[in-house]
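Peer 1: To start, I am sharing the structure in question, which I have written as structure tokens.
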Amino acid sequence: MDRGALGERRLVVAANRGPVSFHSDPSGEPIVTRGLGGLVTVLTEVLRAHDGTWIAAALGDEESRLAEQDRSVEVELDGDTYRVRYVSVAADMYDKYYNIVANPILWFIQHYLWDLGRHPDISPNERDAWENGYVPVQRLFAEAIADEAGAGGAAGTAAGSGALVMLHDYHLYGVAPLVRAALPGAFVQQFVHIPWAQSDAWLVLPKDMRDAIFEGLLGNDIVAFHTPHYARNFLQGCVDLLDLPVDPARLTVTVGDREVWVRAYPVSIDPRALRKAAGAQRVAAEEAALLARRREFLLVRVDRLDLSKNIIRGFLAFDRFLDLHPEFRERITFLALLQPSREDVEEYVTYRERVMRTVEQINTKHGNTDWMPIDVRIQDNFPQTLAAYRHYDALMVNAIFDGMNLVAKEGPILNTQDGVLILSENTGAFEELGAFALGVNPFDIEQQAEAIHEALTMGAQERRTRNEAIRAVVDVNSVERWVSAQFADIAEKLDAASR
Ligand code: G6P
């Protein structure tokens, strides 16, 4: 990083979720764990490279209490200290913003999950959620950011104007123009961690809403995605929906007298930290439990319980595999580790029920008193995940669409069996790892069934070669590199502006 250009800037990162979750153990003692999802890991890495403050919505009682202080507070986890400013959002407003607009509306558009003959309706309820949920939350975040970035000088003064603001994800599409208005000299970047859908998918939204989303993102100096494909979709959307001039070669959009850069930085994991975490005592205990039940073959999947992850088709493929290859009966378990997610959203509740029904049907069809073909566990248990990563023979990542998918990177780093990665062509990770994985079309159940068979019968040498290649890619393209590439572009754009 060019510290000359950036070192003095006050860094503020913002995401809906903060770095930690506060809970209490069964005896009521408070415990702090890492926030769910890969976003927390990668933002931690950003803050390691450049000290700063993290702005997040206050999600529970403890966070609401911290939000009342109207300033940043220090929270500690596993030796990392975070400075966090919690934004207090009234429960009803948060519900409209998170459970109606962000999920499912935006999430479903961006992962092509809407079943357009039936859903969604943009009725007064959705309009109300936009106006009285999503839009005001953008303002609350922008105010907190301006306040933090301007601390040590009023917002808009030299200190505030020299800020570097890094916004994250689809919860905050309207924040950048508000921050720019409050801190005219701030540099604002936004990272979209999920796919960017092609233009027609956005036509689900009324024009004023979709324009606000595009214009909101164009309030940034740089808009970042995980892959060049999503960056191109965004540029094309600017042409199709806003009729703006874009330069596809330089990856820029011109908005009035400003030039917005659109860039791709494939996010990754920190292999060293993951290996260290896998050495913990709790992981060893989970491994012992897993090995005690292990059949000859172990197929694993690890996902949030989300429609985009394509969990049901993965089970149907396993069902088909058992039909086609009865010689594997009783010799294999499909261990599905699913973390509960967005349980106040109706679509997720229904999906969970469908997932469980499918598992029951397949287990009844193929299983017996001694053998349960699919072992599904709906819980958030990271040590168990790390144990499963170590021992799979095949790892299924068959997402319908996925911004990156870090499971595809984490699994091979820890796996000790030279297990095979089955990877959906529609994940961001496929652009980096597809050549060494068994690529699958996530809708093609027959192909996924064949991929399971191919994975389990592949020769040892080929499995080793593929795994070594994946590990080499992940070790080199680490999250550290993801961070430094972004800081390098920010420095370059600042430099270009000052010339
Ligand atoms: C994805 C999104 C993140 C989100 C995470 C977990 O990875 O890109 O922004 O935090 O899912 O979802 P949740 O709704 O639980 O925050």
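Peer 1: Mind checking whether some residue in the range 407-416 is of a type in the set (D, E, K, R) and more than 24 Å from the chain's Cα centre (by Cα)?
Peer 2: Checked the range 407-416: no residue is of a type in the set (D, E, K, R) and more than 24 Å from the chain's Cα centre (by Cα).
Peer 1: Within the range 58-74, work out how many residues are touching a Leu at 6+ places or on another chain (Cβ under 8 Å) and surrounded by 17 or more Cβ atoms within 10 Å (Cβ to Cβ).
Peer 2: Qualifying residue count, the range 58-74: 1.
Peer 1: Take PHE487 and tell me if it is part of a helix (DSSP H, G or I) and either modelled with pLDDT of 95 or more or among the hydrophobic types (A, V, I, L, M, F, W, C) (or both).
Peer 2: Yes: the conditions hold for PHE487.
Peer 1: Also, quick follow-up: Step by step: first the residues of the range 1-21, then only those that are more than 11 Å from the ligand (Cβ to nearest atom), of a type in the set (A, V, I, L, M, F, W, C) and within 17 Å of ASP169 (Cβ to Cβ), then the one that is surrounded by the most Cβ atoms within 10 Å (Cβ to Cβ). Which residue is that?
Peer 2: Taking the range 1-21 as the starting set, the residues that turn out to be more than 11 Å from the ligand (Cβ to nearest atom) are 1-14, 19-20.
Filter once more, keeping what is of a type in the set (A, V, I, L, M, F, W, C): 1, 5-6, 11-14, 20.
Narrowing the set further to residues that are within 17 Å of ASP169 (Cβ to Cβ) leaves 12-14.
Details: VAL12: 29, VAL13: 24, ALA14: 27.
Among them, the one singled out is VAL12.
Peer 1: Further question: Scan the range 343-352 and tell me whether some residue there is surrounded by 14 or more Cβ atoms within 10 Å (Cβ to Cβ), in contact with a Phe, Trp or Tyr (Cβ under 7 Å, 6 or more places away or on another chain) and in contact (Cβ under 8 Å) with a residue 12 or more places away in the chain.
Peer 2: Looking for residues that are surrounded by 14 or more Cβ atoms within 10 Å (Cβ to Cβ), in contact with a Phe, Trp or Tyr (Cβ under 7 Å, 6 or more places away or on another chain) and in contact (Cβ under 8 Å) with a residue 12 or more places away in the chain, one finds none in the range 343-352, hence no.
Peer 1: Quick one: which of LEU66, LEU39 is at pLDDT below 95, under 24 Å from ARG304 (Cα atoms) and not assigned by TED's automatic domain parsing to the domain that holds LEU338?
Peer 2: Answer to the check: LEU39.
Peer 1: If you go through the range 278-321 one residue at a time, how many are farther than 26 Å from LEU36 by Cβ and either within 16 Å of the ligand (Cβ to nearest atom) or not assigned by TED's automatic domain parsing to the domain that holds GLU454 (or both)?
Peer 2: Selection size over the range 278-321: 0.
Peer 1: Mind telling me which of the residues ASN381, ASN415, ASN363 ends up being at pLDDT below 95 and away from the ligand (no atom under 15 Å from the Cβ)? I'd like the intermediate steps shown before the answer.
Peer 2: Values: ASN415 fails: at pLDDT below 95; ASN363 fails: at pLDDT below 95.
From the options ASN381, ASN415, ASN363, the qualifying one is ASN381.
Peer 1: Looking at the range 196-214, is at least one residue within 16 Å of the ligand (Cβ to nearest atom), β-branched (Val, Ile, Thr) and assigned by TED's automatic domain parsing to the domain that holds ASP95?
Peer 2: Yes, the range 196-214 has at least one match.
To keep it simple, each residue is scored yes or no on (1) within 22 Å of the chain's Cα centre (by Cα); (2) under 22 Å from LYS493 (Cα atoms).
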site	(1), (2)
TRP202	yes, no
GLY216	yes, yes
ARG232	yes, yes
ASP240	no, no
ALA273	yes, no
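Peer 1: Specify the residue that is nearest to GLN198 (Cα to Cα); the eligible residues are those in the range 212-270 that are among the small types (Gly, Ala, Ser) and part of a helix (DSSP H, G or I).
Peer 2: First, pick out the residues of the range 212-270 that are among the small types (Gly, Ala, Ser): 212, 216, 219, 224, 231, 237, 249, 256, 264, 268.
Remaining after also requiring part of a helix (DSSP H, G or I): 212, 216, 231, 237.
Working: ALA212: 17, GLY216: 18, ALA231: 10, GLY237: 7 Å.
Among them, the one singled out is GLY237.
Peer 1: Any residue in the range 407-420 that is assigned to a strand (DSSP E or B), at negative phi and in contact (Cβ under 8 Å) with a residue 40 or more places away in the chain?
Peer 2: For the range 407-420, residues assigned to a strand (DSSP E or B), at negative phi and in contact (Cβ under 8 Å) with a residue 40 or more places away in the chain: present.
Peer 1: Would you mind stating whether ALA58 is in contact with a helix residue (DSSP H, G or I) (Cβ under 7 Å, 6 or more places away or on another chain), farther than 21 Å from ASP270 by Cα and within 16 Å of the ligand (Cβ to nearest atom)? Spell out the reasoning first.
Peer 2: Numbers: in contact with a helix residue (DSSP H, G or I) (Cβ under 7 Å, 6 or more places away or on another chain): yes; farther than 21 Å from ASP270 by Cα: yes; within 16 Å of the ligand (Cβ to nearest atom): yes.
Answer is yes for this residue.
Peer 1: Out of ALA460, ALA435, ALA429, I need the residue that is buried (at least 21 other Cβ atoms within 10 Å of the Cβ), in contact (Cβ under 8 Å) with a residue 24 or more places away in the chain, assigned by TED's automatic domain parsing to the domain that holds ARG320 and of a type outside the set (Phe, Trp, Tyr). Which one?
Peer 2: ALA429
Peer 1: Mind checking which residues of the range 324-372 are within 30 Å of ASN103 (Cα to Cα), in a helix (DSSP H, G or I) and of a type in the set (S, T, N, Q)?
Peer 2: Within the range 324-372, THR350, THR358, GLN361 qualify.
Peer 1: Here's a follow-up. Take the residues of the range 22-37 that are in contact with an Asp or Glu (Cβ under 9 Å, 6 or more places away or on another chain) and within 14 Å of the ligand (Cβ to nearest atom): which is nearest to ILE194 (Cα to Cα)?
Peer 2: Among them, the one singled out is LEU36.
Peer 1: Find the residue count for the range 1-18, including only residues that are modelled with pLDDT under 90 and in contact with a strand residue (DSSP E or B) (Cβ under 7 Å, 6 or more places away or on another chain).
Peer 2: Within the range 1-18, residues that are modelled with pLDDT under 90 and in contact with a strand residue (DSSP E or B) (Cβ under 7 Å, 6 or more places away or on another chain) number 1.
Peer 1: Consider the range 40-55. How many of its residues are away from the ligand (no atom under 16 Å from the Cβ), touching a helix residue (DSSP H, G or I) at 6+ places or on another chain (Cβ under 9 Å) and under 13 Å from PHE487 (Cα atoms)?
Peer 2: Going through the range 40-55 one residue at a time, the tally reaches 3.
The values are calculated or read from the model by the stated rules, or taken from the named source; none is laboratory data. Just so we're clear, the structure is a prediction, and the values are computed from it rather than from any experiment. Reconstructed Cβ throughout: ideal geometry from the backbone, glycine too, with neighbour counts over all protein chains shown.
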